[in-house]
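Read the structure below first, then the notes.
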Amino acid sequence: MKTPTLAAARGQLDRFAPWLAPLGLRLLLAWEFFESGREKLHGQNWFADLQDAFPFPFDQLPAALNWQLATWFELVGAACLLLGFGTRFAAASLLVLTAVATYAVHWPAEWSSLGDLAMGYAISDQGFGNFKLPLLFMAMLLPLLFTGAGRLSVDAVLARWYPSGPTARPVLR
């Protein structure tokens, strides 16, 4: 009996990577953003309390509109990630949403050194911010933004059905 070599094992992992790696990211992120959107959908709007903390242009919008945008981008974005449909747009949208949330809510209000800032790399806020989870979410969204949903997705099925894509240019003669 022949034992598998390291190269053979690596080959197997490489074969499954386009199928499973993006799927794992999509499922985990879909769950997290769905939970956050569901909490907003059934909760009280607390954005008015921190409207001034939002970066431009979101600080110019009414708090109620920001609340609705955040809620529906999280819910629809989660569904898109789950199905792998419009994944790059969903990832970009959720990346912006998470960056705004990090800026307005999770980043430390004051820090004077990198040591102070590092104390905000936490799950719960102990007075130093709590930007660990949003930062992890942004890092997980980047591969989906740059490489897409992977082979187990609606995007992949649509790409097989329409290989030229909707942006194909007509041939001019």
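The values are calculated or read from the model by the stated rules, or taken from the named source; none is laboratory data. Since the structure is predicted, the reported quantities are computational estimates derived from the model, not experimental observations. Cβ placement follows ideal geometry from the backbone for every residue including glycine, while neighbour counts extend to all protein chains displayed. Protein only, heavy atoms only, side chains kept; ligands, DNA and RNA dropped before computing areas. Shrake-Rupley method; radii C 1.70, N 1.55, O 1.52, S 1.80 Å.
Estimated from helical segments only, the mean residue ellipticity of the chain at 222 nm is -20000 deg cm²/dmol, where each DSSP H run of four or more residues counts as -39500 (n - 2.57). Just the protein heavy atoms count here, and of the accessible area of the chain at 1.4 Å, carbon and sulfur take up 68 percent. Judged by the mean number of other Cβ atoms found within 10 Å, the most tightly packed of the peptides 35-41, 100-106, 5-11, 60-66 leads the ranking 100-106, 35-41, 60-66, 5-11. Angle of helix 6-42 to the longest C-alpha principal axis of the chain, folded into 0 to 90 degrees and rounded to 10: 30°.
At a probe radius of 1.4 angstrom, the accessible area of the range 9-147 per residue rounds to 60 square angstrom. Just name one of Leu141, Gly24, Leu94: the one whose Cα is farthest towards the positive end of the charge dipole of the chain (beta-carbon charges, Lys/Arg +1, Asp/Glu -1). Of the options given, the answer is Gly24. Listed values for the range 86-93 are Karplus-derived 3J(HN,Hα) couplings in whole Hz (6.51 cos²θ - 1.76 cosθ + 1.60, θ = phi - 60°), namely x, 4, 5, 5, 4, 5, 5, 5, and x replaces Gly and Pro. A Stokes-Einstein calculation at 10 °C with viscosity 1.306 mPa s, built on the Kirkwood radius of the range 1-125 over Cα pairs, returns a diffusion coefficient of 93 µm²/s.
Rounded to the nearest 20 debye, the dipole magnitude of the range 17-145 is 520 debye, with +1 charges on Lys and Arg beta carbons, -1 on Asp and Glu beta carbons, and the Cα centre as origin.
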